[in-house]
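Visitor: Let me begin by handing over the structure; questions about it come next.
What follows is calculated from the coordinates using simple rules that are stated; it is not laboratory data. None of the values given here were measured: they were computed from a predicted structure.
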Amino acid sequence: MAESAAKKAKTERPKVVFVLGGPGAGKGTQCTKVIENFKSWAHVSAGDCLRAERKDPNSKDGEMINNFIKDGKIVPVAITVKLIMKEMTKLQGEGKTCFLIDGYPRNLDNVTGWEENVGEKAKVCGMLFYEANEAELEKRLLGRDEGRVDDNIESIRKRFKTFMEETMPIVEKFQKDDKVIKIDGMPPAEEVWKITKKTIEDYEAMTDDLEMKVTMKKPAGFYVKSLFAFLKGVEAKPAEGDKEAVEAKPPVDILKISGLGEAINVAIAAATKAEADGCGKITKIETKYPEMTSGRGCAQVAITMERV
């Protein structure tokens, strides 16, 4: 059973929710409650990944990470993303499909680093942002005893200053895209949990939107080309003559192709042709009979393809 769950987790595009808030806002506490109550979720703390790495005597980056953290500065994005990806891969092997990325992204460089290194390999559902004032955060951090070198008043104020200057603009950027859920982190943890729990339930209900719907308006050849664009990616091309510039698009690992009624044959033809041409591999074919608005049922096929 565990093996099948792990296999499924490795083939599914993982869901990601970024978790931000000032230092001591209660992010870790809420993340712990999520993984205790939702079995498909895992908590990946960017800070914990970095702290573990700096304690590793065999790490090439440990000393540099330690200096950045002591000074309340943000660690270079290439290191952070590498460690987050490493932890996510390990947890996927344990059957996890949804990830709370705690303490990331912290600046625009982090956002760019995620897009360049992860891109469409994961579905970013949104961001949880826990709000708390600076005085309360200082009180909480000075009152905990976790043995962290940065839990002193000087480092705490540096961290809060960095957060306000570099991380808050990222929260505002996600908010413009309607991808931020703001949660008051000041009440007792159990009160905060009620809101967190409802939000996670909403995220769980989200379906992966990478689906190509096939109709009778286009021939199978058109959809074969589209499959190649999705599963192989698109190279950037400059504008030339009457042709507009083409933006680069990274390949996706998993894509669903669906066809309804007469379009079923077109969907199957496109998927089998793309597979034969080495574009991807068909891993699942499902047939359904959904009810239409007219009240009558209609046959449907849903084909899952993976990049090879």
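Visitor: Over the Cα atoms of the range 216-308, each weighted equally, I'd like the Debye log10 I(q)/I(0) at q = 0.23, 0.24 Å⁻¹, rounded to two decimals.
Guide: Taken in order of the listed q values, log10 I(q)/I(0) reads -1.09, -1.14.
Visitor: Using only the alpha carbon atoms of the range 30-182, find the Kirkwood hydrodynamic radius as the inverse mean reciprocal pair distance, in angstroms to one decimal.
Guide: Across the range 30-182, the inverse of the average 1/r is 16.6 Å.
Visitor: Once amide H atoms are placed 1.01 Å from N in the peptide plane, what residues at a sequence separation of 5 or more from Ala25, or on another chain, have their amide H within under 5 Å of its amide H?
Guide: Counting only residues 5 or more places away or on other chains, the set is empty.
Visitor: Any idea what % of Cα-Cα pairs in the chain are farther than 37 Å?
Guide: Result for the distance tail: 27 percent.
Visitor: To continue, here is another question. Kindly give Rg over Rh for the range 152-308, based on alpha-carbon atoms, with the Kirkwood expression for the hydrodynamic radius.
Guide: For the range 152-308, the value is 1.15.
Visitor: Let me ask you something else. Using modelled amide H (1.01 Å from N, peptide plane; none on Pro or chain starts), what sits under 5 Å from the amide H of Val19, excluding residues fewer than 5 places away?
Guide: Ile101, Asp102, Gly103, Tyr104, Leu128
Visitor: Any of Lys213/Lys273; Lys86/Lys194; Lys60/Lys123; Lys123/Lys173 with alpha carbons more than 27 Å apart? Name them for me.
Guide: Lys86/Lys194; Lys60/Lys123
Visitor: Can you return the aspartates and glutamates within cross-link range of Lys198? Criterion is Cα-Cα under 20 Å, with same-chain partners fewer than 8 residues away left out.
Guide: In chain and number order, the partners are Glu36, Asp102, Glu131, Asp178, Asp184, Glu190, Asp208.
Visitor: If the limit is 21 Å between Cα atoms, which of Lys96/Lys281; Lys39/Lys256; Lys121/Lys284 go over it? Mind showing how you got there, number by number?
Guide: Values: Lys96/Lys281 23 Å; Lys39/Lys256 25 Å; Lys121/Lys284 19 Å.
Result: Lys96/Lys281; Lys39/Lys256 exceed 21 Å.
Visitor: Any aspartates and glutamates with Cα under 12 Å of the Lys82 Cα? List them, leaving off those in the same chain fewer than 8 positions away.
Guide: Within the straight-line limit of under 12 Å, Lys82 reaches these aspartates and glutamates: Glu53, Asp61, Glu116.
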